[in-house]
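The values are calculated or read from the model by the stated rules, or taken from the named source; none is laboratory data. Quick caveat, the model's predicted, so the values are computed rather than measured. Note that each Cβ is placed from the backbone with ideal geometry, even for glycine, and that neighbours are counted across all protein chains shown.
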Amino acid sequence: MTRVWRSAALLVWAAIGAAGVSTFAAGRQEGNAAQSNPEELEKGKQTFELTCSSCHGLDGGGAMGPNIQGIPFRLGADSVANIIKNGMPGGMPAFGGQLDAHEIKQIVGYLLTLTRKDEGKVTGDPEAGKKVYASSGCARCHMIAGSGGDSGPELSTVGQSRGPNYLRNTILYPGTDLPQEHVFLESGGRLEFLFVRVVTKDGRTLEGTRVAEDSLHIVFEDAEGNLHSFRKDQLRELQKEPGKSTMPSMKGKLTDTEMNDLVAYLASLKGAP
Ligand code: HEC
Ligand code: HEC
């Protein structure tokens, strides 16, 4: 394991050397200790997954935020550290108050090991994928071109806003199990499909996607499509868990071919021609 990490890090440094990009020299020297040490890389990975992946994707390949795989190669380690610390006007939060310089350096080191990929390639057959979509019960919660349920986001143009890697990750790891709740809240990410769990005064636990809420009531839809409506004073507990999802994971339920076809179908959805 250690050896793998080491050689990955070595490759990264070789690549910098080969590119001969002198602006990275400073970052490279002072970042060297952090970046070549597997423990530091692992820390960087953890912080990244906790803090950044909700917007930039689990693999840095982009979600509502841009693809940032290997971005220190392009912008330099120092400017990336600055971006993390100070944020950017187009929706990138400032993390200076939350992460110290060392943690930021660990993230930058980790970003270097993510080789820049594009958004992923479509390898499947969209026509076959349409059948997989139909037989997997997706339409129960998702609307495409006017048909389907609406407890999940409409997918009519999802191929325009999301790349194949993101689509694949969502289907395998809906909402993801990462403890990213507060990041979600700060970002306003998918709050319209907020996951809620309630415990009633008589001890029943129910969960689902929020449909409506005001100060006295909450309405949500469970994974089977049943609507539940409660007065809040009937509840013992009301928890909101952004980052969780009623969407069932397809992990292990589809063959690789079916998965590729499904991704191809979703990637082909770009709205009316
Ligand atoms: C709330 C969503 C969100 C979170 C969380 C977030 N980012 Fe961003 N990030 C963005 C958006 C949106 C942009 C594009 C901003 C712009 O163009 O002004 C961006 C831009 C960036 C850029 C510059 C990309 C470029 O091509 O110029 C870097 C680097 C970056 N983010 C790194 C991170 C890191 C590292 C973390 C975790 C510490 C993080 N971001 C967390 C939304 C987010
Ligand atoms: C029980 C309801 C439910 C089912 C069934 C379901 N989803 Fe979802 N889906 C959701 C919810 C809720 C969200 C939004 C929260 C989230 O991202 O997990 C979502 C999000 C998504 C997204 C992300 C959309 C975006 O713009 O970010 C995609 C893609 C998606 N689902 C595809 C599918 C596919 C394909 C299937 C069938 C294999 C499926 N879903 C089955 C409820 C469902």
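Couple of notes before you dig in:
- Every listed requirement among (1) surrounded by 20 or more Cβ atoms within 10 Å (Cβ to Cβ); (2) near ligand 1 (Cβ under 8 Å from one of its atoms) is met by K105 save one, (2).
- When restricted to residues that are buried (at least 20 other Cβ atoms within 10 Å of the Cβ) and more than 18 Å from the chain's Cα centre (by Cα), region 144-159 contains 1.
- Selection of region 80-102 for residues being more than 8 Å from ligand 1 (Cβ to nearest atom) and either part of a helix (DSSP H, G or I) or touching a Lys or Arg at 6+ places or on another chain (Cβ under 7 Å) (or both) yields A81, N82, K85, N86, A94, G96, A101, H102.
- Every residue from region 224-244 that is at pLDDT 90 or above and within 27 Å of A63 (Cα to Cα): Q239
- Residues of region 38-69 satisfying the condition of being in a loop (DSSP other than H, G, I, E, B) and within 14 Å of ligand 2 (Cβ to nearest atom): G57, L58, G61, G62, A63, M64, G65
- Residues of region 228-273 that are part of a strand (DSSP E or B) and small (G, A, S): S229 alone.
- Scanning region 229-249 for residues that are touching a residue at least 24 places away in the same chain (Cβ under 8 Å) and more than 23 Å from the chain's Cα centre (by Cα) yields a total of 6.
- In region 142-157, the residues that are at negative phi and near ligand 2 (Cβ under 10 Å from one of its atoms) form Cβ pairs under 7 Å with partners that are charged (D, E, K, R) and in a loop (DSSP other than H, G, I, E, B), at six or more places apart or across chains, as follows: H142/E154; T157/K270.
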